[in-house]
Amino acid sequence: MPPASVLRRRRRLTSLVGAALVVLVGGGLSIAAVTMTAEASSQLDAMLPNATDALADARGSFDELRVAHEAAQVALDDSAGTVPDESARDALAAALDETSLREAGARAELADAAELLDRVRAADRSVMALGEPLREAATELGTQEFDDVERFSESVVALADPLEALAAAVDAWNEAQKAEQERILRERYTNHVWTSGWIPELDACRGSVDLSAQYGIGAIAEHWSCGGKNFPDDPGTIITLTGVHAGTYRVEGIVKMLNQATASVADLPHGYDLVYQTCQNGQSSTMSYTALTRLD
């Protein structure tokens, strides 16, 4: 058995060797951990700018698509009552419903992408984690796509055909309305007030005569046989006057009947834009006054 002094020297040497091994192993692990963390961090940092730009581009596209979507909705709303039938509006409404669903999906996808970026930026970069959270973040970031934004884009593009069909339907309706207005104008009763004057001008039988200067109110007149029998007196009838007092008028009906032999200017009806005078059935005892309201 070795002397005690020799044993003590061996135990001291063993302790020193063990301590040296711990330092060496520990140092090696620290160097490896730092290296692994640095590499993972570098890889993630290289990916972040592209991911940030991709999200910004996706958001920009989404905003543009949303504007187009809203414009299509406005077109649908504005077309109410201006189409021959509802088929074109129904088709666009169905397409807009689909687009609204796609928009909701794209909005959620963008929110998820923004949340992912926030998590990635906050990933654990400590040496003790050996870079694993960074590698996981990089993997997750690398799989980030914007499929729902793309589907939203496709649905907005698909609005073009129903929008075009709706525009054609609105144009057809407008053309029909224009044709109807032209028909109404062609068929509308028109009276020509050919001059201002008095009895000689009335007897000329060339149309109505403006009597405003003689009556002190806006008035035109025509003999029954010269056209008075054709002048409409049904309330609500729209007529056209040409010449003196030219414009569009609404007939308010006969508002007064006077006997020419006993009536005076004081008996004339007041408070109307214009009145039309004629002797019913050519009788001066039944002189009618039809009130007119000017529309333009």
For this session: Please give the FRET efficiency for residue 158 paired with residue 107, using the beta carbon to beta carbon distance and R0 = 22 Å, rounded to the nearest 0.05.
Result: 0.75
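Pairs of Cα atoms under 8 Å, at least six residues apart: use those to get the relative contact order of segment 134-224, whole percent. Intermediate results must be reported in sequence, preceding the final value.
On the way: 54 pairs, mean separation 13.2, N = 91.
In percent, rounded to a whole number, it is 15.
For segment 13-185, what is the accessible area per residue in Å² when the probe is 1.4 Å? List each step's numbers first, then the result.
Details: 10300 Å² over 173 residues.
That works out to 60 Å² for each residue.
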For this session: Can you tell me the relative contact order of the chain? Whole percent, Cα pairs under 8 Å, sequence separation 6 or more.
Result: 14 percent
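Of all accessible surface on the chain at a 1.4 Å probe, what whole percent is carbon and sulfur? Let's see the in-between values first.
Details: 9470 of 17010 Å².
In the chain, the share of accessible area belonging to carbon and sulfur is 56 percent.
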Seminar exercise, completed: If amide H atoms are modeled at 1.01 Å from N in the peptide plane, then the residues at a separation of 5 or more from residue 273, or on another chain, having amide H under 5 Å from its own are 292, 294
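Assigning unit charges at the beta carbon (Lys, Arg +1; Asp, Glu -1) and nothing else, what dipole magnitude in debye, to the nearest 20, does the chain show about its Cα centre? The partial results should precede the final answer.
Working: 24 positive and 45 negative charges, 394 e Å.
Its charge dipole is roughly 1900 debye.
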For this session: Tell me the label-point distance for the pair residue 234, residue 257, using the 7 Å Cα-to-Cβ offset, in nm and rounded to one decimal.
Result: 2.0 nm
Problem set entry | Full-stretch length increase - residue 100, residue 66 - with 0.36 nm per residue and alpha-carbon distance subtracted | 11.3 nm
For this session: Describe numerically, in nm with one decimal, the distance between label points set 7 Å from Cα along Cα→Cβ at residue 190 and at residue 74.
Result: 4.0 nm
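Got the relative contact order for segment 201-296 handy, in percent, Cα pairs under 8 Å and 6 or more residues apart?
29 percent
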Problem set entry | Accessible area in square angstrom per residue, segment 190-294, 1.4 angstrom probe | 47 Å²
For this session: Evaluate E = 1/(1 + (r/R0)^6) for residue 267 and residue 180, where r is the Cβ-Cβ distance and R0 equals 45 Å; express this FRET efficiency to the nearest 0.05.
Result: 0.60
Exercise. Out of residues 5 or more away from residue 237 or on other chains, whose amide H comes under 5 Å of its own, with H placed 1.01 Å from N in the peptide plane?
Worked result: 251
Problem set entry | Karplus-derived 3J(HN,Hα), 6.51/-1.76/1.60, for each residue of segment 166-183, Hz, glycine and proline x | 5, 4, 5, 5, 5, 4, 5, 5, 4, 5, 5, 5, 4, 5, 5, 5, 5, 5
For this session: Measure out, as a whole number of angstrom, how far apart the alpha-carbon centroids of segment 241-296 and segment 49-80 sit.
Result: 62 Å
For this session: Could you list which residues have their amide H under 5 Å from that of residue 196, counting only those 5 or more apart in sequence or on another chain, with H placed in the peptide plane?
Result: 210
Seminar exercise, completed: For the chain, cysteines with no other Cys Cβ under 4.7 Å from their own Cβ are listed as 279
Problem set entry | Label-reachable residues, segment 207-248, where backbone N falls under 15 Å from a point 7 Å from residue 281's Cα toward its Cβ | 224-225, 229
For this session: Rounded, prolate or oblate: pick one for segment 206-294, where a ≥ b ≥ c are the square roots of the eigenvalues of its C-alpha gyration tensor, a/c under 1.5 means rounded, and failing that, prolate if a/b is larger than b/c, else oblate.
Result: rounded
Exercise. Rounded to the nearest 5, what is the percent of antiparallel bridges among the DSSP beta bridges in the chain?
Worked result: 65 percent
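The values are calculated or read from the model by the stated rules, or taken from the named source; none is laboratory data. A quick note: this is a predicted structure, and the numbers were derived from the prediction, not measured. All Cβ positions, even for glycine, are placed from backbone atoms using ideal geometry, and neighbour counts span all protein chains on display. The area values use the complete protein model at the heavy-atom level, side chains included, leaving out ligands, DNA and RNA. Shrake-Rupley method; radii C 1.70, N 1.55, O 1.52, S 1.80 Å.
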